[in-house]
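Values in this text are rule-based calculations from the coordinates and carry no lab data. Every value quoted in this text rests on a predicted model; they were computed, and no experiment measured them. Every residue, glycine as well, gets a Cβ built from its backbone with ideal geometry; the counts of neighbours run over all protein chains shown.
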Amino acid sequence: MNKTTSLEVITTISQLRRRLAGERAAGKCIGLVPTMGYLHDGHLSLIRRARQECDVVVMSLFVNPLQFGANEDFDRYPRDLERDRALAAEAGVDVLFHPAVEEMYPQKPSTTVRVHEALTGRLCGRSRPGHFDGVATVVSKLFHIVEPHRAYFGQKDAQQLAIIQRMVEDLNFPVQIIGCPTVREPDGLAMSSRNVYLSPEERKIAPLLYRALCHGEAMIRNGETDPEAVVAQVRQQIAQAPQFRIDYVELVSFPQLQPLETIRGTVLLAVAAWLGQTRLIDNVIIDITPQGLDEPGTDEEGEP
Ligand code: PAF
């Protein structure tokens, strides 16, 4: 579908609702791309996909304090509104919703979304307690504010994607969740706003994470069915660079996020590791059902 307007920045919920009411009444399809800004090609791929599929593209830019732990990087999270505005306009955003913290949380919320431990008790949820409750709360607020027909999320945050899909089912949000492939640098590093924290030396080492995941994926595609064998090999690969401090390497069912006794169906091989002060995450989603076995991976760009 064609782009309808040039980019407009809106900072209040009431203005945004007024801006979208007419479009909704006219039967236009509204797409939402939720972000915390400091855009990279991963975000831009979500925007371009929304541009192709929707009449009106809304991008939210909000660094959500509720999803950061006390010792995490809320204050130093990279921010550059002017750069983001230019990139968003070029990629086809119609409305950039950029509320202040006081607009989204005029008071400390007494009502939040609580995600069940079955989904948050492993992977990133284990080392970031409360993180996914914060994500689910802000995303549900954005869904109520924007009332999008479609919302776009990256597979790089696979646990987040699974949790939001489940929240939409559990709470009957009338929105279609679209998961989009991870976008990678040419050397394989998954794009992330936090990559900016890496020193030049750390940046050189960082792609090892994806190489280790590819090694694990190859084992699975070659018939390995023991999850522990795959996890051990991936850990061993990452340990080649002693600078990494592994948070987790896990293999779970996707999108259920449950541990596996035997590798079968669609699985998520995911890793989180610290390089200096930076926590990197990455994953591959592998479909080993008969129809998935012939299909290429879901990543964009990048060489292992
Ligand atoms: O993935 C992100 O950038 C954030 O978790 C999201 C979905 C925008 C919620 O703050």
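General observations
- Each Cα pair under 8 Å and six or more residues apart adds its sequence gap; the mean of these over the residue count of the chain is a relative contact order of 17 percent.
- Met36 long-range amide H proximity, modeled H, under 5 Å: Phe62
- Cβ-Cβ FRET estimate between Gln240 and Ser127, R0 fixed at 22 Å, reported to 0.05: 0.45
- Among 275-281, 90-96, sorting by the average number of other beta carbon atoms lying within 10 angstrom of each residue, highest first, gives 90-96, 275-281.
- Maximal additional length on extending the Glu90-Gln277 stretch stands at 64.1 nm, based on 0.36 nm per residue less the C-alpha distance.
- Eigenvalues of the alpha-carbon gyration tensor of the chain, scaled by 5 and square-rooted, set the equivalent ellipsoid semi-axes at 32, 21, 20 angstrom, largest first.
- Stretching the chain fully between Ala232 and Asp41 yields a gain of 65.6 nm (0.36 nm per residue, less the alpha carbon separation).
- Mean residue ellipticity, 222 nm, helices only, the chain: the sum of -39500 (n - 2.57) across DSSP H runs of n ≥ 4, divided by residue count and rounded to 500, is -11000 deg cm²/dmol.
- Sorting the segments 260-270, 21-31 by their mean number of nearby beta carbons within 10 angstrom, highest to lowest, gives 260-270, 21-31.
- Span-like helix check, the chain: no full DSSP H segment qualifies, none having both a Cα axial length of 24 Å or more and a mean Kyte-Doolittle of -0.5 or more.
- Counting every C-alpha pair in the range 1-115, the share spaced more than 17 angstrom apart comes to 58%.
- When DSSP beta bridges are restricted to pairs lying wholly in the chain, around 50% turn out antiparallel.
- Inter-label distance, nm, simple model (7 Å from Cα along the C-beta direction), Asn71/Ser253: 3.4 nm
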